[in-house]
Amino acid sequence: MKVDISGQTRIVGIFGDPIAHTRSPAMQNAAFQACKLSYVYVPYLVRSKNLSRAVQGIRALNLAGINVTVPHKEHIVRYLDSLSDGAQLCGAVNTIVNRDGHLFGDNTDGRGFLQSLQEYELPPQQGEVILIGAGGSARAVLVSLLRAGYGPITIVNRTFANAKSLVKSYHNLSKTEVRASPLDALQNLSLLERASLIINGTSVGLDGEDFFPLAYEATPRSCLFYDLLYRSGPTSFLCGAKAARRAILDGREMLLHQGALAFTLWTGMPAPLQTMKQALRRALQ
Ligand code: NDP
């Protein structure tokens, strides 16, 4: 990678712990080069105890912006100057824009997820959505789905109380029905028969472990299976869907689109999606 660094170069990056696995530098630096922008994207290993000082560093070093990943998306909110309404609703930030020392926090995870659905041409009101998981990424996805009118939505989670708490927080966001269920709802054939979209928003599958038993064949032929996880090979959740000849998307799509939205927030320019997609594919090989 050839980068021409000059006195005009702007620095962006990502705060996380761990950070060595991140593919965002490959994707964003390819985008900056394709658009001939003098920007550099750098990974920063930021320990939780150093988070507030790292945020001060954004101002002190005049970084143009920062992405935020695990485990800081929620904790970082308290150190920022203003938030988008989406970030406020989720209580989490994955993109910071430095506007002359004023740090604005946004959340492009949910919107990135939504853009990938729209690219796939899955419109709202096509059927029911089953969202498995009730953690931070499930929350961002839920807010975007509700705002876009997808649903009814069933949130299925190992810890039932966490699914119920998501429903309590967001059931007023739209007229769409949202309900909570324990994991055994994945055996409920009548629920599966009505599904148009099933999302894995848990971390199950990250290390190659098996997904929960799920009657894939009970879903309509047009049902889309979307795993927010991404790894070099398909996850067990998506392998099951593929074997049942159902359509699949993985977390690379969400990663791509959340990154494209962050690129535009920092530069004001449309993101070169194809370049970013190719860079991501190469980085994941
Ligand atoms: P959280 O830690 O906030 O939530 C984890 C979720 O997984 C919870 O619902 C938890 O259930 C569930 N879970 C964890 N282990 C198990 C298990 N053994 N059995 C059943 N359920 C389990 O994580 P995030 O929401 O931040 O991330 C979830 C996944 O999404 C991650 O793997 C991450 O890589 C991916 N992700 C992808 C992104 C992308 O751009 N593609 C962006 C962000 C995340 P419980 O409530 O019971 O603990």
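A few remarks follow.
- Flag if residue 133 is within 15 Å of the chain's Cα centre (by Cα) and on the phi > 0 side of the Ramachandran plot: yes
- Residue count for segment 72-115, restricted to those that are over 20 Å from residue 57 (Cβ atoms), within 15 Å of the ligand (Cβ to nearest atom) and out of contact with any Asp or Glu (no Cβ under 9 Å at 6 or more places or on another chain): 6
- Test: residue in segment 260-278 that is in a helix (DSSP H, G or I), among the charged types (D, E, K, R) and open to solvent by 70 Å² or more (accessible area, probe 1.4 Å): no
- Output for segment 170-181, where each listed residue is surrounded by 14 or more Cβ atoms within 10 Å (Cβ to Cβ) and touching a residue at least 24 places away in the same chain (Cβ under 8 Å): 170, 173, 174, 176, 178, 179, 180, 181
- Residues located in segment 129-169, provided they are more than 16 Å from the ligand (Cβ to nearest atom) and surrounded by fewer than 21 Cβ atoms within 10 Å (Cβ to Cβ): 147, 148, 149, 152
- Matching residues, segment 266-282, being in contact (Cβ under 8 Å) with a residue 60 or more places away in the chain and within 16 Å of the ligand (Cβ to nearest atom): 271, 276, 279, 280
- As a summary of the residue check, residue 211 satisfies the conditions (1) under 22 Å from residue 122 (Cα atoms); (2) within 16 Å of the ligand (Cβ to nearest atom); (3) crowded, with 19+ Cβ neighbours inside 10 Å; (4) not polar (S, T, N, Q) except for the one numbered (1).
- For segment 162-190, a residue qualifies if it is within 21 Å of residue 223 (Cβ to Cβ) and among the β-branched types (Val, Ile, Thr), and the qualifying residues are 176, 178.
- All positions within segment 1-21 that are open to solvent by 30 Å² or more (accessible area, probe 1.4 Å) and either within 24 Å of residue 52 (Cβ to Cβ) or part of a strand (DSSP E or B) (or both): 10, 11, 17, 18, 20
- Selected residue (criterion: least open to solvent (accessible area, probe 1.4 Å)) from residues of segment 42-67 that are part of a loop (DSSP other than H, G, I, E, B) and more than 14 Å from residue 12 (Cα to Cα): 46
- Residues satisfying the stated conditions in segment 76-87, i.e. without any contact (Cβ under 8 Å) to a residue 24 or more places away in the chain and either crowded, with 20+ Cβ neighbours inside 10 Å or in contact with a strand residue (DSSP E or B) (Cβ under 9 Å, 6 or more places away or on another chain) (or both): 81, 82, 83, 84, 87
- Taken as a whole, the structure leaves residue 196 outside the set of residues that are away from the ligand (no atom under 16 Å from the Cβ), of a type in the set (Gly, Ala, Ser) and surrounded by fewer than 17 Cβ atoms within 10 Å (Cβ to Cβ).
- Scope segment 199-208; condition more than 8 Å from the ligand (Cβ to nearest atom) and open to solvent by 80 Å² or more (accessible area, probe 1.4 Å); matching residues: 207
- Any strands (runs of 3 or more DSSP E) falling wholly within segment 75-163 and containing at least 1 residues that are within 22 Å of residue 259 (Cα to Cα): 95-99, 102-106
- Qualifying positions in segment 215-224 - surrounded by 23 or more Cβ atoms within 10 Å (Cβ to Cβ) and either in contact with a helix residue (DSSP H, G or I) (Cβ under 7 Å, 6 or more places away or on another chain) or at positive phi (or both): 219
- Residue within segment 225-235 that is modelled with pLDDT of 95 or more, surrounded by 16 or more Cβ atoms within 10 Å (Cβ to Cβ) and over 22 Å from residue 283 (Cα atoms) present: yes
The values are calculated or read from the model by the stated rules, or taken from the named source; none is laboratory data. Fair warning: this is a prediction, and the values are worked out from it, not measured in the lab. As a convention, Cβ positions derive from the backbone with ideal geometry for all residues, glycine included, and neighbour counts pool all protein chains shown. Calculation scope for accessible area: heavy atoms of the full protein, side chains included, ligands and nucleic acids excluded. Shrake-Rupley method; radii C 1.70, N 1.55, O 1.52, S 1.80 Å.
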